[in-house]
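Q: I have a structure here, written as structure tokens, and I will follow up with some questions on it.
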Amino acid sequence: MIDSFGRTIDYLRISVTDRCNLRCVYCMPDGFEDIGHDRVLSFEQIERVVRAAVVLGFRKFRLTGGEPLVRRGVVRLVEMLAAIPGVDELNMTSNGTLLEGMAAQLKKAGLTRVNISLDTLRADRFREITRGGDIEAAKRGIAAAEAAGLSPVRLNVVAMRGFNDDEILDFAAMTKEKPYDIRFIELMPIGKTGRSGFMPAHEIRAVLKGCEPLDDRRGVAEYIAYPGAPGRIGLISPISAHFCGGCNKIRLTSDGRIKTCLHSNSEEDMLPALRDRSDEALRRALGEIILRKEERHFIADGMAPIERGMYRIGG
Ligand code: SAM
Ligand code: SF4
């Protein structure tokens, strides 16, 4: 579907839960606030939204959260959504710590790929940033994803000055050994997460001496690589070089709101349309919401960060 600014909108990110087994400091700066089970969309409601989106031309879907793997029965949800004709890609973003026992089932259910968020390779730092997480569980999850064929393995690293900027080269070195995509992402001021530690993508790039640009600008990442390396390095700059002009996505929160821009407080409640039994009414509501999608965000121009914490949006 084409929005009011001529962009093709064909990518829906679906938060399946606000809950998480970790407590990352930049994602939950104020800790975790539970929205309650009764307000979380059922699998059947999520399936209806996806079917409506497919009719509007959406082809790419991603399950996220919170941590999608803590939602009970998530493998069944993957199976339900992957079976819908028109769902070309069904991916997931996960912290990886619960993936070890689930990767093979997820692959079998129809998951295309998984992005794993990992901001450090050091156990003590991992514990600090996640407020108590075990890095070994995340590493076993990455190995399980690779073994299950949820590939290419893609690691998302939020680069933060004074926290993990001294590990940029360690992460990048992984691409010399393995066909991994390592993607460095700018810290975003969301909820109470401030700008302290923000490291613009061009500074991350400056550390990666010897890498060459790849002629492969897929989605929002600019890719570079060491000559001859099997893996690639992505630089994602949502703040310093906002990619709003090419934005093709909208988000569905776990309590049934559509967010047409990550950095806007505006949310559209899908529950009234979901209560209506007509699929036509649901499609119409979704189409009207997309036509109200914002042109761009103004975070780099000093706009105040939005109120909803990242774990309650879906990243
Ligand atoms: N729990 C899953 C995970 O961590 O991958 C999925 C949800 S998490 C909210 C999705 C992504 O958002 C993660 O890669 C996380 O690092 C990122 N994220 C959370 N808060 C952020 C912030 N303030 N700035 C940039 N990325 C953030
Ligand atoms: Fe959980 Fe992901 Fe947020 Fe970390 S970034 S607290 S793993 S939802």
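The numbers here are math on the coordinates, done by the rules we state, and not lab data. Keep in mind that what you see is a predicted model, and the values were worked out from it rather than measured. Glycine also receives a Cβ, built like all others from the backbone with ideal geometry; neighbour counts cover every protein chain displayed.
Q: Going by alpha carbons, how many degrees (0 to 90, nearest 10) lie between the helix axis of 135-148 and the longest principal axis of the chain?
A: With both axes taken from Cα atoms, the answer is about 70 degrees.
Q: A further question follows. With springs only between Cα atoms under 10 Å apart, run a GNM on the chain and tell me which of Asp134, Asp215, Asp165 wobbles the most.
A: Sorting by GNM fluctuation, first place goes to Asp215.
Q: Projected area of the chain, taken from the Cα convex hull and averaged over every viewing direction, in nm²?
A: Projected over every direction and averaged, the Cα hull of the chain covers 15.0 nm².
Q: Checking the cross-link filter: which lysines have an alpha carbon closer than 20 Å to that of Lys176, excluding same-chain neighbours under 8 positions apart?
A: Lys139, Lys209
Q: Kindly express, to the nearest 10 degrees and within the range 0 to 90, the angle between helix 43-55's C-alpha long axis and the longest C-alpha principal axis of the chain.
A: So the helix axis and the longest Cα principal axis differ by about 90 degrees.
Q: A follow-up question, please. Could you list Asp166, Asp38, Asp119, Asp3 so that the one with the fewest beta carbons within 10 Å of its beta carbon is first and the one with the most is last? Please list the in-between numbers first.
A: Details: Asp166 12, Asp38 6, Asp119 24, Asp3 18.
Exposure proxy ranking, most exposed first: Asp38, Asp166, Asp3, Asp119.
Q: Here is a further query. So how do Asp255, Asp170 line up by other beta-carbon neighbours within 10 Å, fewest first?
A: Neighbour counts put them in this order, fewest first: Asp170, Asp255.
Q: OK, next. Go through the cysteines of the chain and tell me which have no other cysteine Cβ under 4.7 Å away.
A: Taking the Cβ cut-off of 4.7 Å, the unpaired cysteines of the chain are Cys20, Cys211, Cys244, Cys247, Cys261.
Q: Per the Kirkwood definition applied to all pairs of different Cα atoms, how many angstroms is the hydrodynamic radius of the stretch 169-312?
A: Hydrodynamic radius (Kirkwood, Cα only) of the stretch 169-312 equals 17.5 Å.
Q: Of Ala206, Ala123, Ala109, which is the most mobile in a GNM of the chain whose springs link Cα atoms less than 10 angstrom apart?
A: Maximum among the listed residues: Ala206.
Q: Related question: Just want the ordering: Ser42, Ser266, Ser237, Ser254, from fewest to most Cβ atoms lying within 10 Å of their own Cβ.
A: By the 10 Å Cβ count, ascending, the order reads Ser42, Ser266, Ser237, Ser254.
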